[in-house]
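Novice: Would you mind keeping the following structure in view while I ask a few things?
Every number here is computed from the coordinates shown, using simple stated rules; none is lab data. Everything numeric in this text was worked out from a predicted model, so none of it was measured. Reconstructed Cβ throughout: ideal geometry from the backbone, glycine too, with neighbour counts over all protein chains shown.
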Amino acid sequence: MLTVYSITQCPWCDKAKRYLNQKGVEYEVRNIEESEEDARACEKLSGDTMVPVITDGKNYVVGFDKAKIDELIG
């Protein structure tokens, strides 16, 4: 199960989620605009609040980078 940190209106976040859907990957979305706790968790993970951030809990990808996402999901 992956976690996708995102914001409400973000075309790159939407692309990342569509890509994960196409790959059949399960994920949960955490909107950093709606939750201060999620914003802090995102920043702690990546060092920034730039989105999307996709994580498996250990590793993460910032932005919509298909090659890195594929590497993350195996």
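Novice: Suppose we filter region 8-25 for residues that are hydroxyl-bearing (Ser, Thr, Tyr) and over 12 Å from the mean Cα position of the chain (by Cα); how many remain?
Specialist: Residues that pass the stated criteria total 1.
Novice: Another one. Is it fair to say Thr8 is surrounded by 12 or more Cβ atoms within 10 Å (Cβ to Cβ) and outside any helix (DSSP H, G or I)?
Specialist: In short, no.
Novice: Here's a follow-up. Give me the pairs, please: first residue somewhere in region 49-74 and free of Cβ contacts under 8 Å to residues at least 24 places away in the same chain, second residue anywhere and of a type in the set (S, T, N, Q) and not in a loop (DSSP other than H, G, I, E, B), beta-carbon distance under 7 Å, and either six or more positions apart or on two chains.
Specialist: Partner pairs satisfying both residue conditions: Tyr60/Ser46; Val62/Ser46.
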